[in-house]
1. Before anything else, pin down the relative contact order of the range 127-239: Cα pairs under 8 Å, at least 6 apart, normalised by residue count, whole percent.
2. To the nearest 10 degrees, how steeply does helix 112-122 sit against the main Cα axis of the chain, on a 0 to 90 scale?
3. Skipping prolines and chain starts, which residues have an amide H placed within reach, meaning under 5 Å, of the one on residue 255, given they are 5 or more residues away or on another chain?
4. How high is the relative contact order of the chain? Use alpha-carbon pairs under 8 Å, at least six apart in sequence, and give a whole percent.
5. In what order do 122, 184 fall by count of nearby beta-carbon atoms within 10 Å, going from fewest to most?
6. How far, in degrees from 0 to 90, does helix 366-383 lean away from the longest principal axis of the Cα atoms of the chain, to the nearest 10?
7. Which FRET efficiency value, to the nearest 0.05, do you get for residue 246 and residue 209 by plugging their Cβ-Cβ distance into 1/(1 + (r/R0)^6) with R0 = 22 Å?
8. Report the charge-dipole magnitude of the range 210-383 in Debye, nearest 20, computed about the Cα centre from +1 at each Lys and Arg Cβ and -1 at each Asp and Glu Cβ.
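Derivation of every value follows stated rules applied to the coordinates shown; laboratory data play no part. Only a predicted model underlies this, so the values are computations on that prediction, with no experimental measurement involved. Because the Cβ atoms are built from the backbone with ideal geometry, glycine has one as well, and the counts that use them run over all protein chains shown.
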Amino acid sequence: MKLALIIDDYLPDSTRVGAKMFHELALELMASGHNVTVITPAVGQVKSFTEQNVEGVNVWRFSSGPIKDVGKITRALNETLLSFRAWSAIKQHVNEHTFDGVIYYSPSIFFGALVNRIKKRCKCSSYLVLRDLFPQWVIDAGMIKKGSLIEKYFRFFEQRSYKAANTIGLMSEKNIEVFTQNNCTNYPIEILRNWADTTSVNIETSFNSIRTQLQLENKVIYFYGGNIGHAQDMANLMRLAKNMQHCADAHFLFIGQGDEVELINQLAQQWQLTNFTYMPSVNQQQFKQILSEIDIGLFSLSAKHSAHNFPGKLLGYMVQSLPILGSVNSSNDLQALVNSSGAGFISENGDDEQLLQNAIALYENPSLRKQLGCGAYELLKSEFSVTSIATNIVQRLKVK
């Protein structure tokens, strides 16, 4: 099949998990004999349309204003224009035979119009990989008011995105429950887990060890990598670092970007943490190399969430056979999945004592870390293989 993959962020410049996942999906689809074109914005690009090759993947980039790490109004405006700018740039390159199917990723919620344009011209079906129930999570977090004009604005584009899909893939059973409760229309939905290439990374001889750089040679490193924002409730993990200051060989390393970077650095200074390091985002290859050196994979989800996300960062941890340590919103089915699979320890956000006990158990017992890390890798292979995900999506696209 000739497939269009649409996402608001892509390699090689992106450091985000969604970009990495979509690239792995593109490579897997190509390995299965499909023709793939990724359509994605290029911030500040002078030409409206450029074509690029990224590790064999054909990438169409259209000019866009900034949509990441900018003010909320600027981001909302530029995201609203994504479909318009994309179609204006690519329409002369699309005819009735160009694509046999469209796979698009949310966030962003603003690609519905573009997907509909491609579907109409190419007479093909589409699959929405829905990873983020926006704007629901920002309402839950109190960032926008329920019933407000801005909520109605976002809801319009959210519904437009859903209506453009022949199938919508949500990442868990609980997310399907929440989605069904929030949407009166019967959309064609199914479970589609997050995914990863299951091949672990070997350390390159030229790689500058993060342990050496930060003088952490003999430390047990608790690592958080990815978006540092409101949805993650980063103060939750900072309290853990504070509560573990008595563990002389424990160190917390956070790498990423987002709205709460200033917060975590302020807390580290306020609490005079000597067991914490923050670094800005690195490229994907550096990120993988760092993962090969650390001991425990950290994550957090805000207790205010009603959605039940499976953070993509966990896949990177699992690929490297790292035990997972984190906390989630109440009733999140990720907790039972990871704990029952022997892949790590997940507790409920707000129970700081349980999170601390779990962290100390991993700190004190290297064999437990190894055991749970092996469990994480086995869970990855059984539930989150990119091969099975790609096969499932293609099967759905073939049914028009």
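1. 24
2. Orientation of helix 112-122: about 50 degrees from the principal axis.
3. Those qualifying (amide H under 5 Å, at least 5 residues apart or on another chain) are 224, 225, 226, 279.
4. 15
5. Least crowded to most crowded, the residues run 184, 122.
6. Taking the Cα atoms of the chain, the angle to 366-383 is about 10 degrees.
7. For residue 246 and residue 209, the calculated efficiency is 0.25.
8. Charge dipole, the range 210-383, about its Cα centre: 340 debye, nearest 20.
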